[in-house]
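**Q** Dumping the structure here so I can ask a few things about it.
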Amino acid sequence: MKALVVAIAIIASASTSFAQKNSSTSNGKVSAVETVANLSVKDLGGLRFKLSFENPTKQKAQIYLVDNDRTVFYNEYAAGDAQYAKAFNLNNLADGEYTFVVETPTEKVSQNFVIRTQINRGATLAQNR
């Protein structure tokens, strides 16, 4: 049970978003900045995933997909949209841990996920003839 709690804590800390929520203005005062919100990765089945997030300030955003070795498998720049959504077919990726990262000039948020091959074995009785 203790190992399970440690594993959950490691995964939770690995998927934590790192965001800068305020910035300095030209007069030195700190002002609030709207951030990338509601980053989600949804499993669509068949190794298809949907990445979506809100970008209320319509900042230029770099979207990329990396593995644990920081190898980049996908890289895109998106700008001008308050909402982003795209489906990804990840059939060509090997089993492992991956991360979608969204980076704007003021913050960086990420969402981890795992691709794992599962083999289900079963038996059925043949019909007697």
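**Q** Looking at Leu93, Leu51 in this structure, which one is touching a residue at least 12 places away in the same chain (Cβ under 8 Å), part of a loop (DSSP other than H, G, I, E, B), touching a strand residue (DSSP E or B) at 6+ places or on another chain (Cβ under 9 Å) and surrounded by 12 or more Cβ atoms within 10 Å (Cβ to Cβ)? It would help to see each step written out before you state the result.
**A** Numbers: Leu51 fails: part of a loop (DSSP other than H, G, I, E, B).
So the residue among Leu93, Leu51 that is touching a residue at least 12 places away in the same chain (Cβ under 8 Å), part of a loop (DSSP other than H, G, I, E, B), touching a strand residue (DSSP E or B) at 6+ places or on another chain (Cβ under 9 Å) and surrounded by 12 or more Cβ atoms within 10 Å (Cβ to Cβ) is Leu93.
**Q** Restricting attention to region 57-70, and to residues there that are among the basic types (Lys, Arg) and surrounded by 11 or more Cβ atoms within 10 Å (Cβ to Cβ), which single residue is farthest from the chain's Cα centre (by Cα)?
**A** Of the residues in region 57-70, the ones among the basic types (Lys, Arg) are 58, 60, 70.
Narrowing the set further to residues that are surrounded by 11 or more Cβ atoms within 10 Å (Cβ to Cβ) leaves 58, 60.
Values: Lys58: 19, Lys60: 18 Å.
So, considering only residues that are among the basic types (Lys, Arg) and surrounded by 11 or more Cβ atoms within 10 Å (Cβ to Cβ), the one farthest from the chain's Cα centre (by Cα) is Lys58.
**Q** Of all residues being in a loop (DSSP other than H, G, I, E, B) and either in contact (Cβ under 8 Å) with a residue 12 or more places away in the chain or touching a Phe, Trp or Tyr at 6+ places or on another chain (Cβ under 6 Å) (or both) in region 108-121, which is farthest from Phe53 (Cα to Cα)? Just the residue, please.
**A** Ranking the candidates gives Thr117 first.
**Q** With the condition kept exactly as written, say whether any residue in region 98-107 is part of a loop (DSSP other than H, G, I, E, B) and exposed (fewer than 11 other Cβ atoms within 10 Å of the Cβ). Before you say what the answer is, go through the steps one by one.
**A** Taking region 98-107 first, the residues part of a loop (DSSP other than H, G, I, E, B) are 104-106.
Restricting the remaining residues to those that are exposed (fewer than 11 other Cβ atoms within 10 Å of the Cβ) gives none.
For region 98-107, residues part of a loop (DSSP other than H, G, I, E, B) and exposed (fewer than 11 other Cβ atoms within 10 Å of the Cβ): absent.
**Q** Regarding region 76-88, can at least one residue be identified that is surrounded by fewer than 13 Cβ atoms within 10 Å (Cβ to Cβ), in a strand (DSSP E or B) and of a type in the set (Asp, Glu)?
**A** Yes, there is a match, as at least one residue in region 76-88 is surrounded by fewer than 13 Cβ atoms within 10 Å (Cβ to Cβ), in a strand (DSSP E or B) and of a type in the set (Asp, Glu).
**Q** Answer yes or no as to whether Phe73 is surrounded by 10 or more Cβ atoms within 10 Å (Cβ to Cβ) and free of Cβ contacts under 8 Å to residues at least 60 places away in the same chain.
**A** Working: surrounded by 10 or more Cβ atoms within 10 Å (Cβ to Cβ): yes; free of Cβ contacts under 8 Å to residues at least 60 places away in the same chain: yes.
Yes; evaluated as a whole, the condition is true for this residue.
**Q** Going by the structure shown, is Thr35 over 15 Å from the mean Cα position of the chain (by Cα) and surrounded by 14 or more Cβ atoms within 10 Å (Cβ to Cβ)?
**A** On the way: over 15 Å from the mean Cα position of the chain (by Cα): yes; surrounded by 14 or more Cβ atoms within 10 Å (Cβ to Cβ): yes.
So Thr35 passes the test.
**Q** Confirm whether Thr35 is over 21 Å from Ile115 (Cβ atoms), among the polar types (S, T, N, Q) and touching a residue at least 60 places away in the same chain (Cβ under 8 Å). If you could, list the steps in order and put the result at the bottom.
**A** Details: over 21 Å from Ile115 (Cβ atoms): yes; among the polar types (S, T, N, Q): yes; touching a residue at least 60 places away in the same chain (Cβ under 8 Å): yes.
Judged against the criteria, Thr35 is a match.
**Q** Next up: Can Val72 be described as among the β-branched types (Val, Ile, Thr), at pLDDT 90 or above and touching a strand residue (DSSP E or B) at 6+ places or on another chain (Cβ under 6 Å)? Break it down stepwise before answering.
**A** On the way: among the β-branched types (Val, Ile, Thr): yes; at pLDDT 90 or above: yes; touching a strand residue (DSSP E or B) at 6+ places or on another chain (Cβ under 6 Å): yes.
Spelling it out, Val72 is indeed among the β-branched types (Val, Ile, Thr), at pLDDT 90 or above and touching a strand residue (DSSP E or B) at 6+ places or on another chain (Cβ under 6 Å).
The values are calculated or read from the model by the stated rules, or taken from the named source; none is laboratory data. Worth saying up front: this structure is predicted, and the values here are computed from it rather than measured. Counting neighbours? That spans all protein chains shown, and the Cβs are built from the backbone with ideal geometry, glycine included.
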